[in-house]
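Let me begin by presenting the structure, written as structure tokens, before commenting on it.
The values are calculated or read from the model by the stated rules, or taken from the named source; none is laboratory data. Since the model is a prediction, treat every value here as computed from it, not as a measurement. Neighbour counts run over all protein chains shown; Cβ positions are idealised from the backbone, glycine included. Please note that ligands, DNA and RNA were not included when accessible areas were found on the heavy atoms of the full protein model with its side chains. Shrake-Rupley method; radii C 1.70, N 1.55, O 1.52, S 1.80 Å.
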Amino acid sequence: GGIITQTPKFLIGQEGQKLTLKCQQNFNHDTMYWYRQDSGKGLRLIYYSITENDLQKGDLSEGYDASREKKSSFSLTVTSAQKNEMAVFLCASSLNANSDYTFGSGTRLLVI
Amino acid sequence: GQQVQQSPASLVLQEGENAELQCNFSSTATQLQWFYQSPGGSLVSLLSNPSGTKHTGRLTSTTVTKERRSSLHISSSQTTDSGTYLCAPDTNAYKVIFGKGTHLHVLP
């Protein structure tokens, strides 16, 4: 079986800082996703990538950049961290559009 | 865009009771997934059911596509079933929209 790994597990940043979150999968899945989960708001799609070198904006892309460096990895950058921001960022992958998603265990972000 | 409503928001059961979770969505979906999120936060896909009825273990999902609704039935609930159940229909290929979830608490 494969695995999808997110690093770091916990990230504490300062206001205004640029922060990068990483996601790696060894399923050989084509498609990868970044979601943000806030308490009481469910998961919201930030960016997704259909295949290597592809980038598509989700509903919450403002304030973020993403990079699909190779098929197995998908990075997300918070361009300027907002003070008191607290959320969980979840990475997922799927073989293709109609396939089940597999999620990583998340990166918990706190901005002080 | 796709809107997803899940009900109930929270459900408390005694171990052994059955649970019925509902999901209504605003636009036609070609794919619909049910996920389980543990209290620790990890998300696991339970099953995909864009139409009809599907069973896996103690789980049964029924999706009526033209009525834009899906249900998840959990039979003989166990304390380890406690957590959040998320419904996720797609809005187009590659864009899955999540509901806020049903928080299930199963008491021993």
For chain B, just say rounded, prolate or oblate: build the C-alpha gyration tensor, square-root its eigenvalues into a ≥ b ≥ c, call rounded for a/c under 1.5, and beyond that prolate if a/b exceeds b/c, oblate if not. prolate
Would you mind getting me the FRET efficiency between residue B:30 and residue A:80? Use the beta-carbon distance for r and R0 = 41 Å, nearest 0.05. 0.65
Near the amide H of residue B:12, under 5 Å away, which other amide H atoms are found, from residues 5 or more places off or on another chain, if H is placed in the peptide plane? B:105
For chain A: accessible area per residue (Å², 1.4 Å): 48
Quick one: pull the percent of accessible area on chain A belonging to carbon and sulfur, 1.4 Å probe, ligands and nucleic acids left out. 48
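Please report the antiparallel percentage of the DSSP beta bridges confined to chain A, to the nearest 5.
Numbers: 37 of 41 bridges.
Counting DSSP beta bridges with both partners in chain A, the antiparallel share is about 90 percent.
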Take the eigenvalues of the Cα gyration tensor for the protein assembly as shown, scale each by 5, and report the square roots as semi-axes in whole Å, largest first. 29, 20, 16
Can you tell me the convex hull volume per residue for chain A, based on C-alpha atoms, in Å³ to the nearest whole number? 92
If the label point sits 7 Å along Cα→Cβ of residue A:28, residues of segment B:64-108 with amide N under 11 Å come out as none
Cα centroid separation, segment A:72-102 to segment A:3-56 (Å): 2
Dipole magnitude (debye, nearest 20) for segment B:45-108, charges at Cβ of Lys, Arg, Asp, Glu: 160
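How many square angstrom of accessible surface are buried between A and B, both sides summed, with a 1.4 Å probe and rounding to 100? If you can, show how the numbers build up before the last one.
Details: alone 6250 and 5780 Å², together 10340 Å².
Protein heavy atoms only, the A-B interface buries about 1700 Å².
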DSSP loop GluC sites (Glu not before Pro) with at most 12 other Cβ within 10 Å: longest gap in chain A: A:63-112
Check: C-alpha center segment B:1-69 vs C-alpha center segment B:86-101, spacing in Å is 11
Threshold 50 Å², probe 1.4 Å: give the residues of segment A:17-46, in number order, that are less accessible with all protein chains present than with their chain alone. A:43
So residue B:107 and residue B:55, fully extended at 0.36 nm per residue minus their Cα-Cα distance, gain in nm 16.3 nm
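Counting only heavy atoms of protein chains, what accessible area per residue, in Å², does segment B:53-97 have with a probe of 1.4 Å?
Details: 1990 Å² over 45 residues.
Heavy-atom accessible area per residue stands at 44 Å².
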